[in-house]
2 protein chains.
Amino acid sequence: MKIGQVAEVSGLPAKTIRYYESIGLIEPAGRTSSGYRAYQEKDIETLKFIQRARSLGFSINEVSALLTLWNDRNRASSQVKELAKHHVADMDRKIAELQSMKNTLSNLIEKCQGDHRPDCPILNDFAQTDR
Amino acid sequence: MKIGQVAEVSGLPAKTIRYYESIGLIEPAGRTSSGYRAYQEKDIETLKFIQRARSLGFSINEVSALLTLWNDRNRASSQVKELAKHHVADMDRKIAELQSMKNTLSNLIEKCQGDHRPDCPILNDFAQTDR
DNA sequence: ATGAGGCTTACAGTTACAGGAAGGTCAAGC
DNA sequence: GCTTGACCTTCCTGTAACTGTAAGCCTCAT
């Protein structure tokens, strides 16, 4: 299979697949006689695995760790669980931060008339020096 | 005031202040005879404004727009409100995305024993080819 | 054999800075 | 007068995870 088809079935852009190879996340693919990348079933499964993990927000480094665990028949499931829990904790932190920023800004928006007049509580708040 | 003190009162690292100058977000600061940046009260207010806007998650580009609006005595408050609402919508999207990823992963985590045994529903799910 | 579309590499651009090197400046202390 | 240490300067590199673009092969159908 050539990279274009692999891109379709894996859900990852061809460009991204080449990138993953370039940073060493995946093994260099085999090549046809003319130099095109040639993928095996196993490679495609790996790329699908990566796509799935990335879509859940794991970083490339985390995905790399997950791949290692996946390929280690004897790993303890606790290792995977720990990694996943860390990631959930990260997401929780980000959600809380976004929520807090959103709440603050929403409050300011409510106070702003939003008409043709220049007076704006949002800008006034940003400009407030004593907070 | 020199950049170090400005960093303290504005809450922005000196490095960041220089960076903002380099990308044109703020006007180049004045200089002392020996070449150090010298800041006026107005500059400091601007930097505080930027810090506040950035802390609410506005991008540099958005902050730039906000600064322009702030300096335009005749802008309509509706312009500011629109910009802010866009940003809240962005944050809402991000929150929803994170929440969805978190829910999916949390479900998988619950199913994983997390003990010394290798069997792991999380990895199994990632490896699932038919989804 | 020719044209379309897929593949190749390589390099630049994105966002918002942080780290570090090499060197100039300033105030205080001996 | 000199040194020391803190602060300042510019310049370059690195980060995360790609995306865009250019210039040039390869393949296949007509």
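Against chain B, whose longest principal axis comes from its Cα atoms, helix B:77-111 is set at around 30 degrees.
Shortest first, B:SER59 label-point distances to identical copies amount to 2.2 nm, with the label point at 7 Å from Cα along Cα→Cβ. Interface size, chains A and B: roughly 4500 Å² of accessible area buried, both sides included, 1.4 Å probe, rounded to the nearest 100. Derived scalar couplings between HN and Hα for the range A:3-13 equal 4, x, 5, 4, 4, 5, 6, 8, x, 10, x Hz in order, rounded to whole Hz, by the Karplus curve 6.51 cos²θ - 1.76 cosθ + 1.60 (θ = phi - 60°), x for Gly and Pro. Across the identical copies, the 7 Å label point of B:ILE23, projected outward along Cα→Cβ, sits 2.1 nm from its counterparts, in ascending order. Each 10 Å bin from zero holds the following percent of Cα-Cα pairs in chain A: 10, 28, 20, 14, 15, 10, 3.
Count the net charge of all other residues whose Cβ sits under 12 Å from the Cβ of B:LYS42, scoring Lys and Arg as +1 and Asp and Glu as -1. Could you put the intermediate results ahead of the total?
Details: positive: B:LYS48; negative: B:GLU27, B:GLU41, B:ASP43, B:GLU45.
With Lys, Arg at +1 and Asp, Glu at -1, the neighbours total -3.
For the segment B:50-61, counting C-beta atoms of other chains within 10 Å of every residue's C-beta and taking the mean gives 3.
At 222 nm, what helix-only mean residue ellipticity would the protein assembly as shown give, in deg cm²/dmol to the nearest 500, using -39500 (n - 2.57) for each DSSP H run of four or more? Write down the numbers at each step before the final one.
Values: 12 runs with 172 residues, N = 262.
Estimated from H runs of four or more residues: -21500 deg cm²/dmol.
Comparing Cα centroids, the range A:5-52 and the range B:92-107 end up 27 angstrom apart. A simple count of charges around B:ALA53, restricted to other residues whose Cβ falls under 11 Å of its Cβ and scoring Lys, Arg +1 and Asp, Glu -1, yields +1. The residues of the range A:1-95 expose, per residue, 56 Å² of accessible area to a 1.4 Å probe. Whenever you get a sec, compute what percent of the accessible area on the range A:1-75 sits on carbon and sulfur atoms (1.4 Å probe). Taking all protein chains in place, the range A:1-75 shows 46 percent carbon and sulfur surface. By Cβ position, the chain A residue that hugs the axis carrying A onto B most closely, with its distance in whole Å, is A:ILE95, 3. If the Kirkwood radius is taken over C-alpha pairs of the range A:76-131, then at 20 °C and 1.002 mPa s the Stokes-Einstein diffusion coefficient equals 149 µm²/s. Charge tally around A:ALA96: other residues with Cβ under 14 Å, Lys/Arg +1 each, Asp/Glu -1 each, net +2.
Excluding same-chain neighbours fewer than eight residues apart, the lysines reachable from A:LYS85 by a Cα-Cα span under 18 Å are A:LYS94, B:LYS102, B:LYS111. The long axis of helix A:60-71 is offset from the longest Cα principal axis of chain A by roughly 40 degrees. Ignoring any ligand, DNA or RNA, what whole percent of the accessible area of the range A:76-131 comes from carbon and sulfur when the probe is 1.4 angstrom? C and S atoms contribute 46 percent here.
Partner shielding of A:88-95 amounts to 4, given as the average count of beta-carbon atoms from other chains within 10 Å of each residue beta-carbon. Once the mean of 1/r is taken over each pair of separate Cα atoms and inverted, the range B:1-75 shows a Kirkwood hydrodynamic radius of 12.7 Å. Cross-link partners for B:LYS42 among the aspartates and glutamates, with Cα-Cα distance under 18 Å and sequence neighbours closer than 8 places in the same chain left out: A:ASP125, A:ASP130, B:GLU8, B:GLU21, B:GLU27, B:ASP72.
FRET efficiency for B:VAL9 and A:ASN61, Cβ-Cβ distance as r, R0 = 35 Å, nearest 0.05?
0.45
Taking the label point 7 Å along Cα→Cβ, B:ASP92 and its counterparts in the other copies are spaced 2.6 nm apart, in ascending order.
The values are calculated or read from the model by the stated rules, or taken from the named source; none is laboratory data. In this text, all values refer to a predicted model and were calculated from it rather than measured experimentally. Neighbour counts run over all protein chains shown; Cβ positions are idealised from the backbone, glycine included. Note: areas computed on protein heavy atoms with side chains; ligands, DNA, RNA excluded. Shrake-Rupley method; radii C 1.70, N 1.55, O 1.52, S 1.80 Å.
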